[in-house]
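Peer 1: Before I ask anything, let me first share the structure, which is written out below as structure tokens.
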Amino acid sequence: MCSRSDALIQWAATHFSQAWFTLYEQIHPDDPFGCVMQNHFRRCSSQLRSLTRYPDLKAQRVRFMQKQLYNSVFLARSEVNGCITGLLAATQKWFKLGWAECVAMDMKEFYDHFVSEEERWRIQALEPFDEFEEWHLKCSHYFILVASKGEGLCRAPAFPGVEEKVFSGFAGTVPALVCATDAGVTGLRRYGHRSVHIAPDVILTTGGFGDRGGCHCRLTDLHALIKRGGKWTNGNVCLARPGEAWDGRLFHTVTLLQAGWAVAVGGRLSPASPALGVCRLRVLEADCSSPPPSCLAVELTRLPPAEGLARPRWRHAATEVVHRGERYLFVYGGCGPGQSVWADWVFLHVEELRCRQGDVRLALTVFADMVRGKIPVEGPLPAGRHSHSACGWAGGALIAGGLDAAERALGSVLCLQPTERGFRWCPVETHPPLTPRYSHTAHVHRGKLLLVGGVWFCAPSVPGVAVIDLTTGFTAEYRIDVAALEWPLMLHNHSSVFMPDEEEVLLIGGGGNCFSFGSHLNRHPVRLALGDILSGH
């Protein structure tokens, strides 16, 4: 019980005139990752007994510094008719646990500020690793505390000059509801995948890591959700070419370029094994507006690498832009082998991505050369980043958030703005400033940029939906209300599809594979109704 640990803290303070007390424990039990953490320790029959009473850094500081009310039970001696008897008596008293100063920070802040850059690089070089979300979430749910007392040790010098990040608060809430699905919908407990609204009432999901028949593995199937009678149901995906299969890549992009067909770029099979090449996905339906079939025939075409995409990359972003009336796929940033973080970009001509297989090699090489020479991009060069988002807007692109090479979350929103000659990088000023985040998804609707989920470093709150007015820059954050869900909703490594007619976002998959607490995957697709916040923003 936590009273025992409090008694130990008090005992140490009363028995030593000069001392430091160092504590390493868990915090933030009530957010989604905190629930996963608690469930893990319950399964291990190792309940975290102090966590409910001291759930955050502030409560832990109060634990050491403020006077607390304690119930005391003592034995009183009395003499009755010549006999000594013992009487139990109870009283309440206030006392301070005896520590003069107390400082604390979570392990993410500790690692960033007190582990040298040289040591961080040494650790990163030990083995290929890019599970950033799980690493950062675990570190933000553990803390280190130092309390001190005594003349010579009164001021604990362990953590000077680090300010705790404070989130300004949410403007409202968005309810999360389990999406209306047929009871037979399976195969979407995954992360690192991509989903695209490839045809009317058809959502195609590719790749990722997740559950297949009770085993966790890279997923080499294509998954289709097909809407019938207001409910989403599984659709069988049949590849048009016998023997063809998806390669199981993660952290790639899939961009819809026209109803019925999309292009997949990049990704990885493991942190040391990139997925090379561009894939074209085309639904073999003559009329995409006709009722969806129970078996979705998809043509998977592996295109030869474009010269501009010679660098392997994953956790990048891609969207469609327009230059002089021509459509291009804009690919920006991402990770590469050896902990590389890219700051480059490439334009691929959309019409050439649609051409016949026999003409692709020449066409892609020619157009990559033309793009580099004929589409200048002006303005300050953005910092390299990965795990960011990209959305097409007004012929250009909006890039939001991400992680930089030092694993700092970014709060910038950049606009790749069309000009007469090409494009220009311009910052989008947000008011108040956007809270830095990464591993989110993004959509543009009615002149507003919507950022869904992600990871930030403002625990115990987690990112919900950020709405940014692209005209005024006004920004509001909305909390996702998960009261209707029966599992912790993971808002990272997910995909999302925006349904403009309903003004809803469909969250598909999400979660991760924590090296300490195991896999935690969202059980079902989740629906976020955004109509009210879009009208009131």
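The values are calculated or read from the model by the stated rules, or taken from the named source; none is laboratory data. Just so it is clear, the model here is predicted, and its values are computed rather than measured. Cβ placement follows ideal geometry from the backbone for every residue including glycine, while neighbour counts extend to all protein chains displayed. Heads up: the accessible areas ignore ligands, DNA and RNA and are worked out on the full protein's heavy atoms, side chains in. Shrake-Rupley method; radii C 1.70, N 1.55, O 1.52, S 1.80 Å.
Peer 1: How do the pairs read when you match residues in the range 214-232 that are under 29 Å from G518 (Cβ atoms) with residues anywhere that are open to solvent by 80 Å² or more (accessible area, probe 1.4 Å) and outside any loop (DSSP other than H, G, I, E, B), using Cβ under 7 Å and keeping only pairs 6 or more apart or on different chains?
Peer 2: Every condition considered, the pairs that remain are L219/R212.
Peer 1: Something else about it: Would you check if H492 is open to solvent by less than 10 Å² (accessible area, probe 1.4 Å), assigned to a loop (DSSP other than H, G, I, E, B) and in contact (Cβ under 8 Å) with a residue 12 or more places away in the chain? Even if it seems obvious, please write down each step before you answer.
Peer 2: Details: open to solvent by less than 10 Å² (accessible area, probe 1.4 Å): yes; assigned to a loop (DSSP other than H, G, I, E, B): yes; in contact (Cβ under 8 Å) with a residue 12 or more places away in the chain: yes.
Judged against the criteria, H492 is a match.
Peer 1: Which residue is nearest to G453 (Cα to Cα), if the candidates are limited to the range 23-35 and must be open to solvent by 20 Å² or more (accessible area, probe 1.4 Å) and assigned to a helix (DSSP H, G or I)?
Peer 2: Among residues in the range 23-35 that are open to solvent by 20 Å² or more (accessible area, probe 1.4 Å) and assigned to a helix (DSSP H, G or I), the one nearest to G453 (Cα to Cα) is P32.
Peer 1: Restricting the range 200-215 to residues that are within 20 Å of the chain's Cα centre (by Cα) and part of a strand (DSSP E or B), which is surrounded by the most Cβ atoms within 10 Å (Cβ to Cβ)?
Peer 2: Per the stated criteria, the residue is T206.
Peer 1: When residues of the range 175-199 are filtered for being of a type outside the set (A, V, I, L, M) and either open to solvent by 60 Å² or more (accessible area, probe 1.4 Å) or under 17 Å from the mean Cα position of the chain (by Cα) (or both), how many remain? Before you say what the answer is, go through the steps one by one.
Peer 2: Going residue by residue through the range 175-199, those that are of a type outside the set (A, V, I, L, M) are 175, 179, 181-182, 184, 186-187, 189-195, 197.
This time we only want the ones that are either open to solvent by 60 Å² or more (accessible area, probe 1.4 Å) or under 17 Å from the mean Cα position of the chain (by Cα) (or both), so: 175, 182, 186, 189-195.
Adding up the residues that qualify gives 10.
Peer 1: Here's something else I'd like to know. Among the residues of the range 105-125, write down those that are within 25 Å of H520 (Cβ to Cβ) and open to solvent by 60 Å² or more (accessible area, probe 1.4 Å).
Peer 2: I123
Peer 1: Quick one: count up the residues across the range 406-429 that are open to solvent by 20 Å² or more (accessible area, probe 1.4 Å) and in a loop (DSSP other than H, G, I, E, B).
Peer 2: Within the range 406-429, residues that are open to solvent by 20 Å² or more (accessible area, probe 1.4 Å) and in a loop (DSSP other than H, G, I, E, B) number 10.
Peer 1: Right, here's the next one. For the structure I just gave you, tell me whether F474 is surrounded by fewer than 20 Cβ atoms within 10 Å (Cβ to Cβ) and touching a helix residue (DSSP H, G or I) at 6+ places or on another chain (Cβ under 8 Å).
Peer 2: Taking the combined requirement at face value, the residue does not satisfy it.
Peer 1: To continue, here is another question. Looking at the range 339-360, can you tell me whether even one residue there is at pLDDT 50 or above, loosely packed, with under 14 Cβ neighbours inside 10 Å and at negative phi?
Peer 2: yes
Peer 1: Yes or no: the range 264-286 includes at least one residue that is modelled with pLDDT under 85, at negative phi and in a strand (DSSP E or B).
Peer 2: no
Peer 1: Within the range 318-330, take every residue that is over 20 Å from the mean Cα position of the chain (by Cα), open to solvent by less than 20 Å² (accessible area, probe 1.4 Å) and hydrophobic (A, V, I, L, M, F, W, C) and give me the one that is nearest to P418 (Cα to Cα).
Peer 2: Here the residue is V321.
Peer 1: Among the residues of the range 1-22, how many are part of a strand (DSSP E or B) and either open to solvent by less than 50 Å² (accessible area, probe 1.4 Å) or not polar (S, T, N, Q) (or both)?
Peer 2: Within the range 1-22, residues that are part of a strand (DSSP E or B) and either open to solvent by less than 50 Å² (accessible area, probe 1.4 Å) or not polar (S, T, N, Q) (or both) number 3.
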